[in-house]
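The values are calculated or read from the model by the stated rules, or taken from the named source; none is laboratory data. Only a predicted model underlies this, so the values are computations on that prediction, with no experimental measurement involved. Cβ atoms come from the backbone with ideal geometry, glycine included; neighbour counts cover every protein chain shown. Note: areas computed on protein heavy atoms with side chains; ligands, DNA, RNA excluded. Shrake-Rupley method; radii C 1.70, N 1.55, O 1.52, S 1.80 Å.
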Amino acid sequence: MSQKPCIGVNVPRVDAWDKATGTAQYTDDLSLPGMLHGALKRSPLPHARIRAIDTSRARALPGVKAVITSADLPRVRYGNWRFSPNTQDEYALAVDKVRFVGDPVAAVAAVDRDTAIEALDLIQVDFEELPGLFDLDAAMAEGAPRIHEETAGNVSVTREIDYGDLAAGFARADYVRDDVYLMPPVSHAYLEPCSSLAQADSLGRITLWTSTQTPYIVQCLLASVLGLRENEVRVIKPYVGGGFGGKMELRSWDVCAAFLARLLGKPVKFTQTRDEEICAGRRRHPMRLRSRVGFTKDGLLLAKELIVHLDGGAYNSMGPTATFLVGNLGAMLYRYPAYRYRGFHVYTNNPPAGAMRGFGAPQAFFVAEGQMNEASADLGIDPIDIRLKNAMHPGDKIRGFATIGSCAFTECLERVAEMSEWRRQRREMRPGRGIGVGCYSFVTGGNFNWFDTKYPFSAAEVRAYADGAVHLLTMAADIGQGSDTVLQQILAEDLGLRLADVTLYAADTSLSPKGDLGTWASRVTFMVGNAILDATRQIKEELFKVVALKFDTNVVHSFECKDGMVRVKGRPEKAVPFGEAVAMVQSLRRGEPLIARGSYTPRDMGLVAPTYSFGAQVAEVEVDRDTGRVRVTRIHTAHDCGRPLNPQAVEGQVEGCVQMGLGYALTEELVMRQGRTLNASFLDYKIPGALDMPGIDSVCVGGPEPKGPFGAKESGEGPVSPTAPAIAEAVWHATGYRARRLPITAEQVLRHLETNPTANDDRRVKP
Amino acid sequence: MSLPHFEYFAPRTIEEAVALLAGAGGRARPFAGGTDLLPRLQSGLVRAETLVDLKRIPELCAIGFDPASGLTIGAAVRLADLLDSPDVQRRYPAMTDAVSQTATVQIRNMGTIAGNVCNGSPCADSVPVLIARLAHLALMSPRGERLLPIGDFFKGPGETALEPDELLVRIHVPPPPPYTGFAFAKLPARTASDISAVNVGVMVARQGGVCGEARIVLGAVGPVPLRAHQAELRLAGATLGARLLEEVGRLAASETRPIDDLRASAAYRRDMAAVLVRRALVVAATRAGLAVADAAPAGDATGASE
Ligand SMILES: Cc1cc2nc3c(=O)[nH]c(=O)nc-3n(C[C@H](O)[C@H](O)[C@H](O)COP(=O)(O)OP(=O)(O)OC[C@H]3O[C@@H](n4cnc5c(N)ncnc54)[C@H](O)[C@@H]3O)c2cc1C
């Protein structure tokens, strides 16, 4: 009997039941006997020298077990960019100086959380306030104080890309745009605040349960900070309630939990509050982007110059990657014959920015797509047509850093135009309504080894047993995106098994094969998927040998694992049940179990990524002309993610991206004053809720990607970028208002309408 | 921050509750749904050593309607209960509009209308319609019960006429007067379910073919919910038309005293007050059976729906 395929069909998420019923255990749900509770004392000032810290009163509080400061910790700086040690600029607890409001200065462990928090107020820090630098220009000004002693001018990372003849391109251009865009800081707003629980054994070796996207990175960096060997630290990732890039580093509380657990011989848990998450957690980089683009009068792109200043806040965090990616992504999507990029990562006394979903792309594409839309209006070319003229195609090369693999961008544009009845709606929409388009591309995995790992980028161990069960071990970290499900699908499909035959053991560094760089850059399905296929190839080789032997097959025959059997292709009667075949291998190996290890590391695939997703999105809006309020009524997306392995999971990712993009476009912004975050709760930091969500149609377009496991590319991050530019264009279509900064507030739109009450109505066909 | 320690009482009678409040010498707080109180305790904005839970007092959980005396809402009646009440649905549509736009389903299942009032927030969504309805608050203390017009209750942001040992026990809403229409409009600050940047409750009474008495109450545009008296006077005796409503809206807006905050700027609030007043008046006039010449239909974005 033939089985249902495991790939390309809708498979319910393996974690759905646990999460829906509340039985899923997140880090903060965990508790160990004798566990202590930690809390961090954070700086109330944006920039100050620490003259002295007096912890005596805190230590005297009954129930307090320890109070530590940087004086207690080994003086080791860490940061994700191990490849460039000079970028590693963070201590777990501030040494000599605090650099942002929320910089941790001391940590407490106490018998309960309330006591730990009470103790924080008893810690006295004698600060000498220093001048704070809160915007890019102040930070880069001549003679500005240094935020980090080693970094004169406060620019910590720069990146340059140059190709083609820029001057000639602009000289030939009939139409040049030169715009400055300002992008706001926004929060990941993941629902699970960060938490970590550390336990030390009698030799001081650490087990750390932590809410992370990158168990291996945490393992390595934590070991380096504690002076342990990498393999004396075990990191376990329990269920994680969203990360979106905000949980991919070693963090102060991981270090403090582990250090205190060793010091006190008791497990210690730290859990962040929402206030801490919003004020001092990572955030999406605020950026100033100046972009100059030149077109022919027919709308062909000739040249682009992109100059980006990233407000990185007080530490580098993932800023170096952001500085690279904005530049790389600025050259994607369209064929730019000449391109010049200058990126500057600037230290300020704002809270540090880090990686966030679509890393660099939401900013880069808000600009690129915004300018494309403005050019289309000025040149009198339909926004979709001008994109079709410039769209990237499979095989395109970006000199020096990327070769485009599969690319169905053109098909995406055509499809989304069809879905949204673009041409009719664009002409006929009644006043007050608008329709706009935004497009995107994103990396599927990253090629650049910024962590300087000595292991493969991804690995998978497959253990096949004689009872027909198969175990999959991997360090892949499912943080809610659904990789646990899709990786099991890949394994089951390739071995011809059912999903129920597979058990996954993931994200425990002591059990999972080394290594895996974690969940970021939309890499997991692609890279771990390929590692699994590398392992199953070896498993199948062994299985095929015994089947060949059993049936004494002709050398021209080949074999397959299908429908629970290992069989000769085209000879269904020559088949052995999977478990029996495994038993035969095991017997031949005199008991040695059938285990294979596979890995994946991208090589010779350019500087950026093995392959890229593409897509196009159309937004329809309604603007209330009396209030300026924008309501998004419908979103259409055509997404090229290669082959969708679990279509409903892809759809879920696209819809989640729309929710985030909607917030970026209309409601979200961390409001800052002198380094302080003013809207530190979900009451004041507004993410769109169910009532704000428009209807969403999404389709997958394009064929399988040859490099991807079963043809897959990415779907979790690309679609976060188009929503804001599509909405911005729709708002322009409805009102004539051009947003070059986000979020687009009702008041901005209203003020525009007051001076241009009928703007843009005349562009439509009169009814 | 964590929730401070407090003592918790769940009395069964109003007398017990009042005694507990009086006995605590100002260090106790009535605890209804807790949707305002607990976050404020946690963030240190409110201090209390004792919480007196009102939800176990059967008398406070009742909604009653009597054609002569009107609607009586016990202090522990949840916002969701009001929405379920057929009397409210049928006779007090503007209250349904207001309450259904107050917070979210989850909060409405916990929070009470009395809590919304006692919290003293200038942007409380149930308040403008209660003021337009000339509701009275029954306040109980060891000195006995007093009845206060709700218009006299608000003293400033978070400040009310409540004495520390006083408990709001009931809200009285007079029966719907004939030939009148009430309406509510809200502009949530940013997302669809958000605190109001501005909210409005209005009444229009019909006198023949013109507007008789009118009331206009604006929230979130001053330290307390405000009556726009001049705008009300402009309406009295007037024939309603789009131009007049524009003018009344502007007049009402000029009577506001909004501030800039994270949710909206003062200027935007003032402008929106004019829009909401206009829209709410159209709905109220229609409900009162009065035609409004040349009026655009009220947009649903502000919630000024029928
Ligand atoms: C997520 C969220 C969204 C919200 N959205 C809105 C919104 O859109 N619009 C809006 O108006 N409000 C909103 N609120 C505020 C709040 O939910 C409402 O004000 C609610 O009606 C309060 O009722 P409660 O029963 O929970 O009051 P509680 O929190 O129990 O009490 C509030 C205050 O009133 C006092 N009090 C309560 N009952 C009495 C009484 N009988 N006598 C004397 N004092 C009393 C308490 O001591 C306390 O000081 C929101 C709150 C949250 C958390």
Enter the Cα centre distance for the pair the range A:466-494 and the range A:398-427, rounded to the nearest angstrom.
32 Å
Based on the Kirkwood radius over alpha-carbon pairs, what is the Stokes-Einstein translational diffusion coefficient of the range A:30-70 at 4 °C with 1.567 mPa s viscosity, in µm²/s?
101 µm²/s
Which whole-number percent gives the relative contact order of chain A, counting Cα pairs below 8 Å spaced six or more residues apart?
16 percent
The A/B contact buries a total accessible area, at probe radius 1.4 Å and rounded to the nearest 100 Å², of 1900 Å²
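How big is the dipole moment of chain B about its Cα centre under a simple scheme where the beta carbon of each Lys and Arg is +1, that of each Asp and Glu is -1, and everything else is neutral? Debye, nearest 20, please.
Details: 31 positive and 31 negative charges, 84 e Å.
So the dipole magnitude of chain B works out to roughly 400 debye.
Averaged across the residues of A:618-627, what count of C-beta atoms belonging to other chains lies within 10 Å of each residue's C-beta?
The shielding value for this peptide is 4.
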Spacing of the two label points (7 Å from each Cα toward its C-beta) at residue B:61 and residue A:52, in nm
6.0 nm
For the range A:494-625, what does the equivalent ellipsoid look like in terms of its semi-axes, each the square root of 5 times an eigenvalue of the Cα gyration tensor, given largest first in whole Å?
39, 20, 16
Please list the radius of gyration and Dmax for the range B:127-196, considering alpha-carbon atoms only, with Å as the unit.
14.9, 45
With the Cα gyration tensor of the range B:58-173 in hand, convert its eigenvalues to equivalent ellipsoid semi-axes via √(5λ) and list them largest first in whole Å.
20, 16, 14
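With a 1.4 Å probe and every protein chain kept in, tell me what percent of the accessible surface of the protein assembly as shown is carbon plus sulfur. Walk me through the numbers before you get to the answer.
Values: 20310 of 39700 Å².
Summing carbon and sulfur atoms, their accessible area is 51 percent of the total for the protein assembly as shown.
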FRET efficiency, 1/(1 + (r/R0)^6) with R0 35 Å, evaluated for residue A:151 and residue A:229 via beta carbons
0.65
HN-Hα J in Hz across the range A:163-169 - Karplus 6.51, -1.76, 1.60, θ = phi - 60°, x for Gly and Pro:
8, x, 9, 4, 4, 5, x
Write down the Å³ per residue value for the convex hull defined by the alpha carbon atoms of the range B:178-228.
86 Å³
Can you pull the accessible area of residue A:65 for me, 1.4 Å probe, Å² to the nearest 10?
110 Å²
Residues in the range A:696-717, backbone N under 13 Å from the label point at residue A:605 (7 Å along the Cα-to-beta-carbon vector): list them, ranges by number please.
A:705-714
Taking alpha-carbon centroids only, the range A:324-363 lies from the range A:58-82 a number of Å equal to 34 Å
Cα-based shape type of the protein assembly as shown, given that a ≥ b ≥ c are square roots of the gyration tensor eigenvalues and the cut on a/c is 1.5
prolate
Karplus couplings for the range A:391-408 from phi (6.51 cos²θ - 1.76 cosθ + 1.60, θ = phi - 60°), rounded to Hz, Gly and Pro as x?
4, 5, 10, x, x, 4, 10, 9, 3, x, 9, 8, 10, 7, x, 5, 7, 10
Charge-dipole axis of chain A as Lys and Arg at +1 and Asp and Glu at -1 on Cβ define it, positive-most pick from A:680, A:153, A:405:
A:405
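Order B:136, A:639, most accessible first, counting only protein heavy atoms with a 1.4 angstrom probe. Walk me through the intermediate numbers first.
Details: B:136 65, A:639 0 Å².
If we order B:136, A:639 from most to least accessible, we get B:136, A:639.
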Shape category assigned to the range A:463-519 from the gyration tensor of Cα positions, a/c cut at 1.5:
oblate
If I model a spin label as a point 7 Å beyond the Cα along the Cα-Cβ vector, how far apart are those points for residue B:257 and residue B:159 in nm?
1.1 nm
Shape of the range B:7-53 from its Cα gyration tensor (a ≥ b ≥ c, root eigenvalues): rounded if a/c is under 1.5, otherwise prolate when a/b > b/c, or oblate?
oblate
Would you compute, for the Cα atoms of the range A:564-622, the largest minus smallest coordinate along each principal axis and list the three values in descending order, in whole Å?
67, 31, 24
Report the label-to-label distance for residue A:20 and residue A:163 in nanometres (one decimal), using points 7 Å from each Cα along the Cα→Cβ vector.
4.7 nm
Residues with amide H under 5 Å from that of residue B:241, placed H, sequence gap 5 or more:
B:293
In peptide B:185-198, what is the residue-averaged number of other protein chain Cβ atoms found within 10 Å of each Cβ?
5
Is there a quick way to get the dipole size of chain A? I mean about its Cα centre, with the Cβ of Lys and Arg at +1 and of Asp and Glu at -1; what is the value in debye to the nearest 20?
860 debye
Which residues' amide hydrogens lie under 5 Å from the amide hydrogen of residue B:212, considering only partners 5 or more residues apart or on another chain, with H built in the peptide plane?
B:205, B:206, B:207, B:237
Per-residue average of Cβ from other chains inside 10 Å of A:683-689
5
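Going down the table (A:454/A:574; A:269/A:686; A:569/A:707; A:237/A:707), which pairs top 32 Å between alpha carbons?
Result: A:454/A:574 exceed 32 Å.
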If R0 is 60 Å, what FRET efficiency do you get for residue B:242 and residue A:452 from their C-beta distance, rounded to 0.05?
0.30
Semi-axes of the range B:180-300's equivalent ellipsoid from the Cα gyration tensor, sqrt of 5 times each eigenvalue, largest first, rounded to whole Å?
24, 14, 11
Helix-only CD estimate at 222 nm, as mean residue ellipticity for the protein assembly as shown, using -39500 (n - 2.57) per DSSP H run (n ≥ 4):
-8500 deg cm²/dmol
Give me a comma-separated list of calculated 3J(HN,Hα) values for the range A:71-85, in order, Karplus coefficients 6.51, -1.76, 1.60 applied at θ = phi - 60°, integers in Hz, x for any Gly or Pro.
5, 7, 8, x, 7, 10, 8, 9, x, 5, 7, 4, 4, 10, x
So, R0 is 45 Å and r is the distance between the beta-carbons of residue B:152 and residue B:294; what FRET efficiency does that work out to, to 0.05?
0.75
For residue A:736, distant residues with modelled amide H under 5 Å away:
none
Counting only protein heavy atoms and rolling a 1.4 Å probe, one gets per residue an accessible area for the protein assembly as shown in Å² of 37 Å²
Rank B:34, B:10, B:44 by how far each Cα sits towards the positive end of the charge dipole of the range B:7-53 (+1 on Lys, Arg Cβ; -1 on Asp, Glu Cβ) and give me just the farthest.
B:44
